[in-house]
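S.K.: Please read through the structure below; I'll follow up with questions.
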């Protein structure tokens, strides 16, 4: 491992993270009726509804600052400093206006559920696409190849949430095979027991299926990679050397064809997270995505910023891991590139 | 001397394509003698590589190979190569006959160290791995490579010449009887070509190898080969010991090929390209395949394909007019060429 490379990548990752946070922060504040303003309105209307009469401006500002970690009457760069300061020093992302709980607590309560469905969706999607892609490459130009090519292109053109809606309609509403929302049955006691787990898996099935459609497009990439590898000289030499077929299929074709998909897979983590917003909304699956969706609906500024930061971090970490580990998977990269 | 290790009879290789069937090897008969170096020479696209691949029954899909290729091991019964099952073929390859071919620059799996290539070859042929790796080290030394450095290297860390030599070492790992070299030096510079050629000569002497060497580089072959066979338009047209080809070529094509070979000692205006173009692999050729370009061609050549006839001992050529050929197609440096000036 090359430390120079490592630190360079690490620096790049940090820079990306910082840029995204700054941009979201600045853009959000540039919106007409800044979050502080809208927050004031929210609080005012709440106060009005509860009938506690007038609120003085100072108290209002204090409340806004309590929720968002920023002083609304300070200039933008000071607000920014305050916000970042809170994240770095106290690990606080503010307080949700709607739920009135710390944003970090809300997010981390939801993260495992989102991880659960997205990890399975990614794994299933990519395993399937590698499998289908390899079979397509081996049977190039056969009927299977052309049929599945068109099918996958078709599936790729149909947005995954349409697939999700269809799944709900056919499997949940018409046939009642699967639940159409939630993450666990309402009458199932939480705990380490079989019924509870079954219920979790049951509820996760449809979201996982519709999300894994996203990874399935990889089958065409895999097919292309494998066809390219099949034409390589080292493959011909391997079969001339009388190596076992299984060895050639896994170590020669498989390994070299999967390599380029590794980065795609890591970046796919980001795609799955962002698609979680839509999928979780469709299936009313209470993960981070649904949290974020609700935050947008209720203009819950601290929560929205918080989940944005979490999404960005996960993406950046995924790409960073891909970058750093690629050298182990493909010796030609050797985690350097400069020391050829 | 006439102890053939390979007997090729009536070999045909064809590919079905959209323009019709390409017959890229046509009715080839060939003997390869034990422990000789046989050179196969011919222009690009004449079918040399396909002929070589057919020796290992390794013609790439969707090509079909018909005819017989008989391999006679030093002990044991003869093997009909084209009838081997997949398992038998897997054993046959590299244990009896190894092949080093054009793409040696990318002959190694880019994600595996060289050592692993040697190891898996030993494993899949059920050899003793420790003894095999020791042998690998001595083989690498004999091709002037540093075994420790090369075995621990990834393919991209080696130069083209090093990879080529490593592949030659790998091809000798299982002590094959025959090694087929398909333009092994095409991508290398002249110096490396020469050193590989002399290396092959040494290896042949120490390992009792039979070498089939394919190239379009005629001068290179004359230094290395015992016998030459000339391929034109998917057929072998002349086969003879090297000296007989060089000084007494019988086929007009061979003579024209010799005249066309660039040589620094000869003035440019004495070098002659062969007029015309080579035939299309899809075309069915009536008569002699060379007749459209041959100065000696007559009615007979257009109508009938000349059979392979013995010109002298070990020297066969497929031409009706081989007796007139020396006069009609002079090779530069010949007296006639002198008289021309």
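Values quoted throughout were computed directly from the atomic coordinates according to the rules given, and no laboratory measurement underlies them. Keep in mind that this is a model prediction, so the values were computed, not measured. No Cβ is skipped: glycine too gets one built from the backbone with ideal geometry, and neighbour counts run over all protein chains shown.
S.K.: Is the shape of chain A rounded, prolate or oblate, going by the alpha carbon gyration tensor and its root eigenvalues a ≥ b ≥ c, with a/c under 1.5 for rounded and a/b larger than b/c for prolate?
M.R.: Because a/c hits 1.5 or more and a/b fails to exceed b/c, chain A counts as oblate.
S.K.: Could you tell me which of rounded, prolate or oblate describes chain B, using a ≥ b ≥ c as the square roots of the eigenvalues of the alpha-carbon gyration tensor, with rounded for a/c under 1.5 and, failing that, prolate when a/b is larger than b/c and oblate otherwise?
M.R.: Judged from the Cα gyration tensor, chain B comes out prolate (a/c at least 1.5, a/b above b/c).
S.K.: For chain B, what does -39500 (n - 2.57) per DSSP helix run (n ≥ 4), summed and divided by total residues, give at 222 nm, in deg cm²/dmol to the nearest 500?
M.R.: Value at 222 nm, helices only: -9500 deg cm²/dmol.
S.K.: So what's the angle, to the nearest 10 degrees on a 0 to 90 scale, between helix A:288-297 and the longest Cα principal axis of chain A?
M.R.: On a 0 to 90 degree scale, this one is about 40.
S.K.: Shifting gears a bit: Arrange the following residues from fewest to most other Cβ atoms within 10 Å of their Cβ: B:248, B:3.
M.R.: B:3, B:248
S.K.: Another question about this same structure. Please give the FRET efficiency for residue B:226 paired with residue A:158, using the beta carbon to beta carbon distance and R0 = 60 Å, rounded to the nearest 0.05.
M.R.: In this case the efficiency is close to 0.35.
S.K.: To continue, here is another question. What does the average come to when, for each residue of peptide A:243-256, you count the partner chain Cβ atoms lying within 10 Å of its Cβ?
M.R.: 3
S.K.: If you don't mind, there's one more thing I want to ask. Could you sort the peptides B:36-42, A:120-126, B:75-81, B:220-226 by per-residue average Cβ neighbour count (10 Å cutoff), highest mean leading?
M.R.: B:36-42, A:120-126, B:220-226, B:75-81
S.K.: Would you mind computing, in nm to one decimal, how far apart the modelled labels at residue A:31 and residue A:8 are, each placed 7 Å from Cα along Cα→Cβ?
M.R.: It is 3.9 nm.
S.K.: Take B:135, A:223 and order them by how many other Cβ atoms sit within 10 Å, fewest up front.
M.R.: Starting with the residue having the fewest Cβ neighbours, the order is B:135, A:223.
S.K.: Sticking with this one: To one decimal place, what Kirkwood hydrodynamic radius in Å is obtained for the protein assembly as shown from all pairs of distinct Cα atoms?
M.R.: Computed over the protein assembly as shown, the radius equals 31.2 Å.
S.K.: Same structure again: Looking at the square roots a ≥ b ≥ c of the eigenvalues of the Cα gyration tensor of the stretch A:279-327, which shape do they give, rounded for a/c under 1.5, prolate if a/b is larger than b/c, or oblate?
M.R.: Oblate, because a/c is 1.5 or more while a/b does not exceed b/c.
S.K.: Still on this structure: Mean residue ellipticity at 222 nm from the helices of chain A, using -39,500 (n - 2.57) per DSSP H segment of n ≥ 4 over the full residue count, to the nearest 500 deg cm²/dmol?
M.R.: Calculated at 222 nm, the ellipticity per residue is -23500 deg cm²/dmol.
S.K.: Across peptide B:105-116, how many C-beta atoms of other chains are within 10 Å of each residue C-beta, on average?
M.R.: Mean shielding by partner chains, rounded to a whole number: 5.
S.K.: Cut-off is 10 Å between beta-carbons; in what order do B:163, A:40 appear when sorted fewest neighbours first? All intermediate terms of the calculation are to be shown ahead of the outcome.
M.R.: On the way: B:163 22, A:40 19.
Arranged by neighbour count, lowest to highest, B:163, A:40 become A:40, B:163.
S.K.: Could you work out how far helix A:194-216 tilts from the main Cα principal axis of chain A, as a 0 to 90 degree angle to the nearest 10?
M.R.: 70
S.K.: Then there's this: Angle between the Cα long axis of helix A:255-282 and the longest principal axis of chain A, 0 to 90 degrees, nearest 10?
M.R.: With both axes taken from Cα atoms, the answer is about 30 degrees.
S.K.: What does the structure give for A:228-236 when I average, per residue, the other chain Cβ atoms found within 10 Å of the residue Cβ? Can you show the working numbers first?
M.R.: Numbers: counts 0, 1, 1, 1, 5, 8, 11, 3, 8.
Neighbouring Cβ atoms belonging to other protein chains average 4 per residue here.
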